[in-house]
Amino acid sequence: MATRALLAVLSASPPRMIRIKVSTFPSSSSSSSIKFQRHITIARCFSSDTNPSVLQPPDVSRLAETARISLTPSEIEECGAKIRQVIDWFGQLQQVDVSSVEPAIRAEMEGGNLREDAPETFENRESIRASIPSFDEVYLKVPKVLNKE
Amino acid sequence: MSTTLFRTIQPNHFTLLTTALLRTRRTSRHISVRCQTSTTTQQSSSQQQQPRTSAPKNHGSNKLDEILKDYEAVIGIETHVQLSTSTKAFCSCPNSYGSHPNTSICPVCMGLPGALPVLSSKVVDFGVRLGLALNCSLSLKSKFDRKQYFYPDLPKGYQISQFDVPIASGGYVDVDIPLEFGGGHRRFGITRVHMEEDAGKLLHSDAGDYSQVDLNRAGVPLLEIVSEPDIRSGVEAAEYGSEMQRIVRYLGVSNGNMQEGSLRCDVNISIRPIGQAEFGTKVEIKNLNAFSAMSRAIDYEITRQALLYNQGQADQIVTETRLWDEGAQKTVTMRKKEGLADYRYFPEPDLPEVILTQEYVDSIRASLPELPEAKRRRYEAMGLGIQDVLFLANDVSVAEYFDEVIGKGADVKSAANWLMSDIAAYLKNEELSISDVKLTPQELAELIAAIKDETISGKIGKQILFELLAKGGTVQGMIKEKDLVQITDPVEIEKMIMKVISESPKQLEQYRSGKTKLQGFFTGQVMKMSKGKANPALLNKILLEKLNAKD
């Protein structure tokens, strides 16, 4: 279900920058001690075989709504142009042929940086609570909510 | 009553089976014909009148079978497991259930500006553990993503989760369906397992136009398990859920308590006419607080959807989330999903890749305990019946106890019987768990041996069991202290028999004139005289001789 949801969500969002590559290959990270299993990896792939300059203009009003930021019509226009510029600038990357390069998950080289499972109480909790305007001694008071989004 | 003296200590299989049968919700087709009292048709009608302590019986159980002739239910389950780590996933706040609200907080889990998450090594450990236990392939490189939406219990405005590269995927789980629901093995696929954080808790006040938020739970680590849509019925779903609970408890990654919210299951269900390849419209069911509720909700939903199909109104089935109303025993619409939510997933920039080495994975694999499925197969191979197997392997502490007892050399079947009958009853009455009893596995083995070699009788064994459970002590010690050694000297037994006979001439005459049932009376008297120590078999034999002698 999650896989299908993924495909549905990604196809619902503006298709400008993200191409889904559904491929079947033995992950380079699996070794002989893990039984080989055919699996489908969905990897973000920025290589494109469509015309690189055809990128959809950003739907700024929708973006603003999902980010819960209110914009005036003139701000929408202004923003739209600026966002467009950034997208086009990144769009230059689409001219690079990366069809023979395996998609990287992340940019940096090293992983790690894990924490020990040792509890620590944050000393200044009181000031956190005090800074919440609607805190009522025990709970945070919020407007009555019925459903998620 | 005196007939109990002649009974050896065996579980009352018959009782166990009939109580199981009386609880059966499915039609009598599935009932084993070992039941001797009534015909199967009688059973199903008498089922309706049995007093119920649990939820009302599914009155449509015959109806459901009719439906399942035409339609196939396609069910997938998403399980969220709250991990029993000491700290939250991305900060060092204590992870302890039941703390005073909003005391386990810090800038990281509160989403305050500038705070950065740091992943706990334990979460990765548990994730690998569970992935391996579910026979998954592990992604040696995986990452976190932000799932973005606004809600009062989500301080950051996004949940750190794993979207397209989960830590584990492509596994399966094997379960045994309980006998009363037909028995048999099933294998269900596991699509993926991924790590994520929990949100806070939202409390709705009855009065007032406000709700309340407790953020102690925000940031608590979760593992989400997504199953393949391989499940076909409420019974299968309940067993899948139980097995998830068993596995996480066996592994020690979670306490798996549905009441606490440490284990949460959401069901995705659609039906389709048998033979159709395409899936029907899928409905999500939430608010399931017990496996039995899951089963009933699924049965209800299958019936609801089938009815709409039959009425030509299949288009009334929409993709939506429904809530299970435990009081009304039905699913109700929560809201209609207007398309899928746009979570705008992107890789979490504040967290590095999660990298696993093959050595790390291998070392965890080597340290996995024997899992429920392996235990069940091993117990079956030892010759135990499936009912016993399911009971013993259900709770990891009971299984460990059992393994220790037979490890000391005790007879497998006897050990199983003691645990399943007398000891289980004691635990239930006293509301204890097996780890609380004072009777050590060593002593249970001793008890079994003492009965086996006839040092004490079975009945005496039962008596001292109770004391051993409550106060501990040794079997040998108790035998000595209470002078419980069985009397197996025929001469002594004969003496007692003769005394009883001479003291009860009236009963003797009655017996000799045909009331052979009075043998029980004499047995009882001798037992009383011997303080229960007379060997029942010998007593029986000699008594019969004497009673029938002067004929």
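The values are calculated or read from the model by the stated rules, or taken from the named source; none is laboratory data. None of these values were measured; they are calculated from a predicted model. Cβ sites come from the backbone with ideal geometry, for glycine too, and all protein chains shown count toward neighbours. Side chains included, ligands, DNA and RNA excluded: accessible areas come from the protein's heavy atoms. Shrake-Rupley method; radii C 1.70, N 1.55, O 1.52, S 1.80 Å.
From the protein chains alone at 1.4 Å, what is the descending order of accessible area for B:S504, B:S99, largest first?
Largest accessible area first, the residues go B:S99, B:S504.
Enumerate the calculated ³J(HN,Hα) couplings along region B:382-388 in order (Karplus 6.51 cos²θ - 1.76 cosθ + 1.60, θ = phi - 60°), each rounded to whole Hz, writing x wherever the residue is Gly or Pro.
Couplings: 6, x, 7, x, 5, 4, 5 Hz.
Counting only residues 5 or more places away or on other chains, whose amide H sits under 5 Å from the amide H of B:V74 once H atoms are built in the peptide plane?
When sequence neighbours closer than 5 places are left aside, the close amide H contacts are B:S270, B:I271, B:R272.
From the helices alone, meaning DSSP H stretches of at least four residues, give me the mean residue ellipticity at 222 nm for chain B, per-run term -39500 (n - 2.57), in deg cm²/dmol to the nearest 500. It would help to have the intermediate numbers written out before the result.
Details: 20 runs with 220 residues, N = 551.
Calculated mean residue ellipticity at 222 nm is -12000 deg cm²/dmol.
Once you've got the Cα coordinates, tell me which of B:K438/B:K531; B:K452/B:K480; B:K122/B:K143; B:K438/B:K480 are over 24 Å apart.
Details: B:K438/B:K531 26 Å; B:K452/B:K480 18 Å; B:K122/B:K143 16 Å; B:K438/B:K480 19 Å.
From the list (B:K438/B:K531; B:K452/B:K480; B:K122/B:K143; B:K438/B:K480), the Cα-Cα distance tops 24 Å for B:K438/B:K531.
About the Cα centre of region A:53-92, how large is the charge dipole given +1 on each Lys and Arg Cβ and -1 on each Asp and Glu Cβ? Please answer in debye to the nearest 20.
Using only the charged Cβ atoms, the result is roughly 100 debye.
Mind listing the long-range amide H neighbours of B:V220? Cut-off is under 5 Å, sequence gap 5 or more, other chains count too, H placed in the peptide plane at 1.01 Å from N.
Sorted by chain and number, the residues that satisfy this are B:A89, B:D198.
About the Cα centre, and with charges only on the beta carbon of Lys, Arg (+1) and Asp, Glu (-1), how big is the dipole of chain B? Nearest 20 debye, please.
Magnitude of the dipole: close to 1960 debye.
Against the globular-protein guess of 2.2 N^0.38 Å, express the Cα radius of gyration of region A:53-92 as a ratio, rounded to two decimals.
1.19
If the reach is capped at under 15 angstrom between alpha carbons, list the aspartates and glutamates near B:K515, excluding any in the same chain fewer than eight residues apart.
Straight-line reach from B:K515, under 15 Å: B:D551.
Just how much of B:W324 is accessible, in Å², when a 1.4 Å probe is used and the result is rounded to the nearest 10?
10
Mind checking how much accessible area A and B bury in total, 1.4 Å probe, in Å² rounded to 100? Each step should come with its number before you reach the end.
Details: alone 13750 and 27320 Å², together 35350 Å².
Buried area (both sides, nearest 100 Å²): 5700 Å².
Could you give the distance between the Cα centres of region B:300-314 and region B:343-392, to the whole Å?
The distance from the Cα centre of region B:300-314 to that of region B:343-392 comes to 38 Å.
Choose one of B:M529, B:Y360, B:S233: the residue whose Cα lies farthest towards the positive end of the charge dipole of chain B (beta-carbon charges +1 Lys, Arg; -1 Asp, Glu; about the Cα centre).
Sorting the options by dipole projection puts first B:M529.
Accessible surface of B:C91 in the full protein assembly, 1.4 angstrom probe, to the nearest 10 Å²?
Accessible area of B:C91: about 10 Å².
Ignoring ligands and nucleic acids, what accessible area does A:I128 show with a 1.4 Å probe (Å², nearest 10)?
Taking all protein chains as shown, A:I128 has close to 10 Å².
Show the residues, 5+ positions off or on another chain, whose built amide H is closer than 5 Å to the amide H of B:Q162.
Long-range HN contacts for B:Q162: B:D145, B:M195.
Need one number: % antiparallel among DSSP beta bridges in region B:182-335, to the nearest 5.
Expressed as a percentage, antiparallel bridges in region B:182-335 total about 85.
Would you work out the charge dipole size for region B:431-551 about its Cα centre, treating the Cβ of every Lys and Arg as +1 and the Cβ of every Asp and Glu as -1, and quote it to the nearest 20 debye? Display every interim value, and only then the final one.
On the way: 19 positive and 16 negative charges, 116 e Å.
The calculated dipole for region B:431-551 is roughly 560 debye.
Please give the net charge around B:A399, taking every other residue with its beta carbon less than 15 angstrom from that of B:A399, where Lys and Arg add +1 and Asp and Glu add -1. Let's see the in-between values first.
Details: positive: B:R246, B:R249, B:K375, B:R376, B:R377, B:R378; negative: B:D176, B:E243, B:E370, B:E373, B:E380, B:D388, B:D395, B:E400, B:D403, B:E404.
Local net charge: -4.
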